[in-house]
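A.B. asks: Supplied in structure tokens, the structure appears directly below.
The values are calculated or read from the model by the stated rules, or taken from the named source; none is laboratory data. Worth saying up front: this structure is predicted, and the values here are computed from it rather than measured. Note that each Cβ is placed from the backbone with ideal geometry, even for glycine, and that neighbours are counted across all protein chains shown. Quick note on the areas: whole protein, heavy atoms, side chains included, nothing else; ligands and nucleic acids left out. Shrake-Rupley method; radii C 1.70, N 1.55, O 1.52, S 1.80 Å.
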Amino acid sequence: MYDLVGGRAAWTVLGLPTEGSVGDHRRISQFVIQPATAPVDATIGDVRVDTAHPDCPVAVLGESRVLVGALQPTALQLPAKSPVERAMQPAPSTIRPDERVEDVLDQLEKDHLDHVFVTTASGELVGLAVRDAIHV
Amino acid sequence: MIPSGVRLGWWLSSEEHDPRDLVRHASLAEDAGFETALISDHLRPWVPSQANAAHVWTVLGAIAHVTDGMEVGIGVSAMVHRTSPIVLAHAAATACVMFEGRFFLGVGTGERLNEQAFGERWPTAGERRRRLAEGIGLIRRLCSGDTVNHRGEWTVEQLRLATLPAAPPRIFVAASGRRSAALAGEIGDGLIGVTPDGNIVDVFRSTSPSPGRVVGQLHVSLAADLDTARESAWTWWPHAVVPPSLLGELARPEEFEAVADAIGPAGIDKAVVCATGAAPVIAAIDRFVGAGFDTVYLHQVGPDQARLAAMANGELFPHFTRRP
């Protein structure tokens, strides 16, 4: 059960279910994977990659699961005590969950990218859109 | 010794050092424990105060002679006006033979600084990328022993190199933007970057059928005190404050000097890690590795090269060596 507070646009930006001609089955929020995550105050020794997607970045999260950075798998080569905050790429590129799947695939191809983080308008992690994992 | 989890390399700056010193620095690096080094290829220094720009292939011959196991690459050569794919393939093939498999070639779209002397028009970035892409293909064919006949951006008439390596050189492509990173992924064996930018690494990996190494250059200025470190950075590497969009576009060392002077030294320690100890250097390396780089080449700015060798041997290698 959800309360519609911010209007239809706010609802869809949150990736919440919709019906009708703008049905949810083509929104990127329905096609994301859940990437490995690490708290921003963790150390490299605490980080685990997603074995199903070992080349994907680790999402570094702050309070309320807000995405604050990305860590490439190479970071696991660092000494275990290295702070995640020091190694992460701050403020990675993100898209909103209500983006149409076709638009996201087109943009990823245009940008020569395999993946992009999906966050709500307030920055909370929704998932990772991975080109090879999207079958529409 | 267990291999280091993070590979550290030594950057030999042709712009700053007498060629005989570069050869000594290569020995110093190998003796300090570095497994890999990169040497820059310049026709002119970035700024007049650097006062050097030796012919890099000549220096490489001497480095091949004084080193035994250290991998050495060139970072980077361009194919615009100064060097054609024929000349580069010829030189790279010979370097591969001299280094007995320890050599790799770094290429890029070049800087006007090193091309303007030929009096030709400075091509657009797109034109330079096309020349680079075609040139890489020609170098691969020539270094593989093919007889090459080609007309396009470059012309090659009935050439087969006589001195050939056992295997053609790996070719790394320098990139600071998405288009060059995509080119590196599509036709390169590795990527060379100068900033810890995870976006270009992502582009490289997503466009490469089998992504190779991703190597970065980190400028450091190590000294006994911070003021001296900053002063050395500003004396020897002032163009670090020049906006990246201008680096490829200015034609003369005096222009880089004028722009750097206009900007002033206040931001030098944002572009060069000025430090007295290892901690800031380790933090900067962490940032490169977190962005997807597997090798970080350390460029100690200025003449005090022994200080980097000592720090690497005493602190950096022990820190980054992976323990069971």
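A.B. asks: Among the residues of region B:289-314, which ones are of a type in the set (D, E, K, R) and in contact with a helix residue (DSSP H, G or I) (Cβ under 8 Å, 6 or more places away or on another chain)? If you could, list the steps in order and put the result at the bottom.
C.D. replies: Our first condition is that a residue be of a type in the set (D, E, K, R); within region B:289-314, this holds for B:294, B:304, B:307.
Result: B:D294, B:D304.
A.B. asks: If we keep just the residues of region A:32-83 that are among the hydroxyl-bearing types (S, T, Y) and part of a helix (DSSP H, G or I), which is nearest to A:F117 (Cα to Cα)? I'd like the intermediate steps shown before the answer.
C.D. replies: Filtering region A:32-83 for residues among the hydroxyl-bearing types (S, T, Y) gives A:37, A:43, A:51, A:64, A:74, A:82.
Retained after the next criterion (residues that are part of a helix (DSSP H, G or I)): A:64, A:74.
Numbers: A:S64: 16, A:T74: 18 Å.
Among residues in region A:32-83 that are among the hydroxyl-bearing types (S, T, Y) and part of a helix (DSSP H, G or I), the one nearest to A:F117 (Cα to Cα) is A:S64.
A.B. asks: Within region B:194-207, track down each residue that is within 10 Å of chain A (Cβ to nearest Cβ) and among the hydroxyl-bearing types (S, T, Y).
C.D. replies: Within region B:194-207, B:S206, B:T207 meet the criteria.
A.B. asks: Next question. Only one residue in A:G127, A:G62, A:G45 is more than 10 Å from chain B (Cβ to nearest Cβ), touching a residue at least 40 places away in the same chain (Cβ under 8 Å), open to solvent by less than 70 Å² (accessible area, probe 1.4 Å) and not aliphatic (A, V, I, L, M). Which one?
C.D. replies: Details: A:G62 fails: touching a residue at least 40 places away in the same chain (Cβ under 8 Å); A:G45 fails: touching a residue at least 40 places away in the same chain (Cβ under 8 Å).
Answer to the selection: A:G127.
A.B. asks: Might you check whether a residue that is more than 18 Å from the chain's Cα centre (by Cα), in contact (Cβ under 8 Å) with a residue 60 or more places away in the chain and within 13 Å of chain A (Cβ to nearest Cβ) occurs anywhere in region B:211-231? Please lay out each step first, then the result.
C.D. replies: The first filter runs over region B:211-231 and keeps only residues more than 18 Å from the chain's Cα centre (by Cα), leaving B:211, B:222-231.
Applying the additional criterion that residues be in contact (Cβ under 8 Å) with a residue 60 or more places away in the chain yields B:222-223.
When the remaining residues are screened for being within 13 Å of chain A (Cβ to nearest Cβ), the result is none.
Among the residues of region B:211-231, not one is more than 18 Å from the chain's Cα centre (by Cα), in contact (Cβ under 8 Å) with a residue 60 or more places away in the chain and within 13 Å of chain A (Cβ to nearest Cβ), which makes the answer no.
A.B. asks: Is it true that B:S206 is open to solvent by 20 Å² or more (accessible area, probe 1.4 Å), in a helix (DSSP H, G or I) and closer than 20 Å to A:Q89 by Cα? Lay out the reasoning, then the answer.
C.D. replies: Numbers: open to solvent by 20 Å² or more (accessible area, probe 1.4 Å): yes; in a helix (DSSP H, G or I): yes; closer than 20 Å to A:Q89 by Cα: yes.
Considered against the rule, which asks whether it is open to solvent by 20 Å² or more (accessible area, probe 1.4 Å), in a helix (DSSP H, G or I) and closer than 20 Å to A:Q89 by Cα, B:S206 comes out as yes.
A.B. asks: Within region B:163-172, does at least one residue satisfy the condition of being surrounded by 17 or more Cβ atoms within 10 Å (Cβ to Cβ), within 14 Å of chain A (Cβ to nearest Cβ) and modelled with pLDDT of 95 or more?
C.D. replies: Looking for residues that are surrounded by 17 or more Cβ atoms within 10 Å (Cβ to Cβ), within 14 Å of chain A (Cβ to nearest Cβ) and modelled with pLDDT of 95 or more, one finds none in region B:163-172, hence no.
A.B. asks: Restricting the search to region B:115-147, which residues are within 17 Å of B:A174 (Cα to Cα) and hydroxyl-bearing (S, T, Y)?
C.D. replies: Within region B:115-147, just B:T124 meets the criteria.
A.B. asks: Out of the residues in region B:243-267 that are assigned to a helix (DSSP H, G or I) and in contact with a Ser or Thr (Cβ under 8 Å, 6 or more places away or on another chain), which is farthest from the other protein chains (Cβ to nearest Cβ)? Even if it seems obvious, please write down each step before you answer.
C.D. replies: Kept after step one, since they are assigned to a helix (DSSP H, G or I), are these residues of region B:243-267: B:244-247, B:253-263, B:265-267.
Then drop every residue that is not in contact with a Ser or Thr (Cβ under 8 Å, 6 or more places away or on another chain), which leaves B:244, B:257.
Values: B:P244: 18, B:E257: 33 Å.
Within region B:243-267, the match that is farthest from the other protein chains (Cβ to nearest Cβ) is B:E257.
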